Amino acid sequence: MHNFEYYTPTKIIFGRGAEKCVGDMIKKYGGKRVLIHYGMGSAIRSGLIGKVKQILKEAGLFYVELGGVVPNPHLDKVRTGFAQGTLNQVDFILAVGGGSVIDSAKAIAFALAEPKENVWELFENKRQPKASLPVGSILTTASSGSEMSRDVVIVNEETKKKRSFGNTLARPKFAIMNPELTMTLSDYQTAAGCVDIIMHILASYLTNGGNMQVTDVISEGLLKTVLQNANILRLSPNNYNARAEIMWASSLAHNDLTSCGNDGGDFAAHSLEYEINGMFNTTHGAGLSALWGSWARYVYKNCLPRFVQFAVNVMGVDKTGLNDDEIALRGIETLENFFRKIGMPTKLSEMGIEPTDEQIKEMAESCETATGGGVGSARRIYFDDMVKIYEMAK
């Protein structure tokens, strides 16, 4: 195992009606002038934004609002938020939505805290931030874990590049989590979110970089919880308890808990999907399920004990009469079958995507640049490997 530091400063308020405390929470963290940031309108149609504004008004807080965040949030919206925040002397960002809204809020917070700097330089790894405005969230989707994580993902719509960076300053001050707020999600959005959660856990689990038994047990328990409750939601989408299990699993999957003691994880599949996402504007979870099996089959021999452990302990593969290769491949296949069961793709063609050879080369080159030449722990992959995995995923 590796030495590690574990830091989770985000305060969680979880359960029915939890959003009622948002005014008090903002004031607790020094907020007086708030930018309410949200997505494309579902939070308005559900009445949540109106409720939040009323709560802030009653708490004596000034607020302005900025909606319109799209899935795979755009740099242009971040710049709009920066301009609006500067004009109104905003000192707190409240994200009402899912991972895209929270990531956009984080980026705005960094931009406002260092107004003379170009915020996109953070995503190009040209510098690290020195400050951030405080961010809080009211979560309406369970997928990215951004409500507790140090990571931020933004798309530069001009260059069609999706980039991420991580810094502890990005961790929100609080996350308000009412599972009832996720009941307006479509079956597709719910399933895609469950895939994203699974992929976050597996990114820390399927590694060659030292592992801890206690971390493995936590990861395996989270994985089995998501698999079980995703199936429940497929049949009963308004099941509160299943929504609650998925929502909490989402946060625990990406707050660094599942990477304690290892080398930080293998986010190669995520890096590969970012390029698909940037070029074809895909749903992140669906893109991951379409790519993951191809990545797994390409790298599993280099991380065979971990793939075997995953197959047996998580996917319930009966290893009787099978060698390690067969067990690992059976585990990969079983997870792909689960993806199909909840309506997720396992090939890019199932998403209507048929990248040309030139597009594959372009994505691989971009991924190579974004990862500094290579990425991975199960197996470190480089340009030629990236091309082959994209080709396998077609």
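Restricted to helices (runs of 4 or more DSSP H) entirely inside region 308-394, those with at least 2 residues that are among the small types (Gly, Ala, Ser) and open to solvent by less than 40 Å² (accessible area, probe 1.4 Å) are 324-341, 357-370.
Just to be sure before I move on: is GLU147 of a type outside the set (S, T, N, Q), touching a Leu at 6+ places or on another chain (Cβ under 9 Å), open to solvent by 10 Å² or more (accessible area, probe 1.4 Å) and more than 23 Å from PHE338 (Cα to Cα) in the structure I sent?
Numbers: of a type outside the set (S, T, N, Q): yes; touching a Leu at 6+ places or on another chain (Cβ under 9 Å): yes; open to solvent by 10 Å² or more (accessible area, probe 1.4 Å): no; more than 23 Å from PHE338 (Cα to Cα): yes.
Spelling it out, it is not the case that GLU147 is of a type outside the set (S, T, N, Q), touching a Leu at 6+ places or on another chain (Cβ under 9 Å), open to solvent by 10 Å² or more (accessible area, probe 1.4 Å) and more than 23 Å from PHE338 (Cα to Cα).
Within region 26-38, does at least one residue satisfy the condition of being under 20 Å from the mean Cα position of the chain (by Cα), surrounded by 15 or more Cβ atoms within 10 Å (Cβ to Cβ) and closer than 23 Å to SER149 by Cβ? Yes, region 26-38 contains a residue that is under 20 Å from the mean Cα position of the chain (by Cα), surrounded by 15 or more Cβ atoms within 10 Å (Cβ to Cβ) and closer than 23 Å to SER149 by Cβ. Examine region 279-292 for a residue that is open to solvent by 10 Å² or more (accessible area, probe 1.4 Å), hydroxyl-bearing (Ser, Thr, Tyr) and modelled with pLDDT of 95 or more, and state whether such a residue exists. Checking region 279-292: not a single residue is open to solvent by 10 Å² or more (accessible area, probe 1.4 Å), hydroxyl-bearing (Ser, Thr, Tyr) and modelled with pLDDT of 95 or more.
Can you tell me which residues in region 61-91 are of a type in the set (Gly, Ala, Ser) and either surrounded by fewer than 18 Cβ atoms within 10 Å (Cβ to Cβ) or touching an Asp or Glu at 6+ places or on another chain (Cβ under 8 Å) (or both)?
We begin by selecting, within region 61-91, every residue of a type in the set (Gly, Ala, Ser); these are 67-68, 81, 83, 85.
GLY67, GLY68, ALA83 - these are the residues of region 61-91 that are of a type in the set (Gly, Ala, Ser) and either surrounded by fewer than 18 Cβ atoms within 10 Å (Cβ to Cβ) or touching an Asp or Glu at 6+ places or on another chain (Cβ under 8 Å) (or both).
For region 231-245, residues that are charged (D, E, K, R) and either over 19 Å from GLY15 (Cβ atoms) or surrounded by fewer than 16 Cβ atoms within 10 Å (Cβ to Cβ) (or both) total 1. For residues in region 250-268 being touching a Gly at 6+ places or on another chain (Cβ under 9 Å) and not in a loop (DSSP other than H, G, I, E, B), which is nearest to VAL375 (Cα to Cα)? The residue in question is ALA268.
Enumerate the helices (runs of 4 or more DSSP H) found wholly within region 1-99, keeping only those where 2 or more residues are farther than 30 Å from ASN208 by Cα and at pLDDT 95 or above. Spell out the reasoning first.
Numbers: elements: 22-28, 42-45, 48-58, 75-87.
Answer list for region 1-99: 22-28, 48-58, 75-87.
Of GLY193, GLY209, which residue is at pLDDT below 95 and crowded, with 16+ Cβ neighbours inside 10 Å? Full working, then the answer.
Details: GLY193 fails: at pLDDT below 95.
Selected residue: GLY209, the only one of GLY193, GLY209 that is at pLDDT below 95 and crowded, with 16+ Cβ neighbours inside 10 Å.
The values are calculated or read from the model by the stated rules, or taken from the named source; none is laboratory data. This structure is a prediction, so every number in the text was calculated from the model and none was measured. Counting neighbours? That spans all protein chains shown, and the Cβs are built from the backbone with ideal geometry, glycine included. For the accessible areas, the whole protein counts, side chains as well, though only heavy atoms, and no ligand, DNA or RNA atoms are used. Shrake-Rupley method; radii C 1.70, N 1.55, O 1.52, S 1.80 Å.
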